[in-house]
Amino acid sequence: MKLKWRLSFLFIISILALLTFWNYQNRVYDWDMPGYMGCMYTSEFPDSPDKVRILTYEEIKKEAPAEHYTDIIGIKQWDIPRQYFVKNTQSFTEQLPYFQIKVGYILMITLFYKLGLSSPMAVLFTSLISYFFSGILLFYILKLLFPKKYWLAILLTIAAMLLPPMTYMSRVSTPDMFIFQFMLIFMIGLLKKWNKWAMFVLLFGITFIRPDYITFTLTYIMAVFFFHYFREKKIDISFIAQGIVLLAMYLAIIKFYHYPGWKDLFYDTFIDRRPIISTHPIDVSLKDYLSIIYIKIIYFKKVTLSLAIMIGVIFWRSKDSWVRTIAVLFVVNVYIKFFFFPQSAALRFFFPFIFPLFLTMLYVLSKKYNDLKLEKIA
């Protein structure tokens with residue numbers, strides 16, 4: 001059996017290498033790229049905002065296909081904000097805090113840039129290499145779930161890596177693929193029953209990479225805290241301390257990079273993208289918010305149905321209260337993310353929570369084949 005797993009691992013490595021190259025061939029230079037490159041160049045030239053803006057777009061123009069570059073700079077009549085970003089330093093610089101708060105991700109693309117990659121490729125390579133390692137991590141998880149079904153692990157890994165959200169995340173300039181591999185490590189931590197401090201280090205890293213995942217890391221800590229309290233009938237103060245540290249780091253990052261705030265992000269994303277943030281004060285009313293939520297949630301019905309099916313299977317096949325708690329945790333975080341950022345047309349924002357729920361369902365189904373037990377991490 002060990003030989004079969006070793007051979008299957010070599011086979012998966014080969015397939016993942018081919019898929020990664022395929023995604024590289026279909027890479028996308030999108031309009032998020034200038035933001036992340038601008039953050040990287042700002043750390044290198046902190047006193048030269050004009051140079052940062054010019055260098056950002058010059059480097060993209062050297063590499064990007066013509067149709068990608070014209071989309072980035074916004075040549076269409078209604079693409080006024082993008083036209084401002086490429087020509088106006090104040091406009092470009094004021095957008096950067098939306099990107100700068102993803103500190104861990106910026107550090108990673110900077111590392112690849114310092115290692116010799118071009119700045120646009122440093123951004124894209126981070127997604128591509130994350131895709132490759134995510135495939136390895138997924139294969140390992142499936143090996144844990146189905147230790148005697150190596151062929152099933154191979155098929156499920158390949159099928160998952162070919163899912164449209166997965167291939168899309170690997171081709172674009174966003175931290176979604178990068179954070180996804182850490183969510184898979186989180187699942188490994190659950191399956192291997194890592195202790196609470198090992199899990200805390202992982203949660204710290206997740207929050208450092210994407211501070212907007214503070215909702216996930218804090219809700220997980222709360223879930224473990226209350227589960228421990230109701231089972232052991234005592235309070236574990238260490239979980240409270242962990243939550244305080246994560247929240248303090250989140251607030252420090254937000255303050256240090258002068259993050260505009262949720263209302264600004266919501267307005268710029270769903271109401272009207274402002275060319276120059278400081279010259280256009282905003283007011284998002286409850287009516288504005290609810291009307292957008294109503295429209296977006298209609299297009300979220302496929303996700304809702306998928307979540308309902310998966311959590312239904314989990315509750316049907318498992319009576320384990322911790323497994324059910326973890327399942328609910330992922331569902332809750334999908335909707336927390338949605339109500340804060342209802343971009344229903346972009347599944348990549350929710351996929352890092354949806355896919356672990358799918359793995360939880362596979363865990364429940366795997367109990368038919370083996371006797372794994374997902375217990376409290378504390």
Qualifying residues in the stretch 104-158 (those that are assigned to a loop (DSSP other than H, G, I, E, B) and without any contact (Cβ under 8 Å) to a residue 40 or more places away in the chain) - the one surrounded by the most Cβ atoms within 10 Å (Cβ to Cβ): 117
Any hit, the stretch 53-64, residues being more than 27 Å from the chain's Cα centre (by Cα), outside any loop (DSSP other than H, G, I, E, B) and among the polar types (S, T, N, Q): no
Some residue of the stretch 12-26 being closer than 30 Å to residue 203 by Cβ, at pLDDT below 95 and under 23 Å from the mean Cα position of the chain (by Cα): no
Top-ranked residue in the stretch 326-367 [being among the polar types (S, T, N, Q) and at pLDDT below 95; ranked as least open to solvent (accessible area, probe 1.4 Å)]: 366
Pair list, Cβ < 8 Å and 6+ apart or interchain, from the stretch 306-317 residues that are in contact (Cβ under 8 Å) with a residue 40 or more places away in the chain to residues that are open to solvent by 50 Å² or more (accessible area, probe 1.4 Å): 310/358; 311/328; 313/365; 314/324; 317/365; 317/367
Selected residue (only one of 45, 9 is over 24 Å from residue 121 (Cβ atoms) and either open to solvent by 20 Å² or more (accessible area, probe 1.4 Å) or within 25 Å of the chain's Cα centre (by Cα) (or both)): 9
The stretch 220-236, subset buried (at least 17 other Cβ atoms within 10 Å of the Cβ) and not aliphatic (A, V, I, L, M), residue nearest to residue 248 (Cα to Cα): 220
Residue check, residue 247 out of contact with any strand residue (DSSP E or B) (no Cβ under 6 Å at 6 or more places or on another chain), at pLDDT 95 or above, crowded, with 16+ Cβ neighbours inside 10 Å and not polar (S, T, N, Q): no
Some residue of the stretch 172-179 being open to solvent by less than 30 Å² (accessible area, probe 1.4 Å), among the polar types (S, T, N, Q) and in a helix (DSSP H, G or I): no
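The values are calculated or read from the model by the stated rules, or taken from the named source; none is laboratory data. No experiment lies behind these values; they were computed from the predicted model shown. We place every Cβ from the backbone using ideal geometry, glycine too, and count neighbours over all the protein chains shown. Heads up: the accessible areas ignore ligands, DNA and RNA and are worked out on the full protein's heavy atoms, side chains in. Shrake-Rupley method; radii C 1.70, N 1.55, O 1.52, S 1.80 Å.
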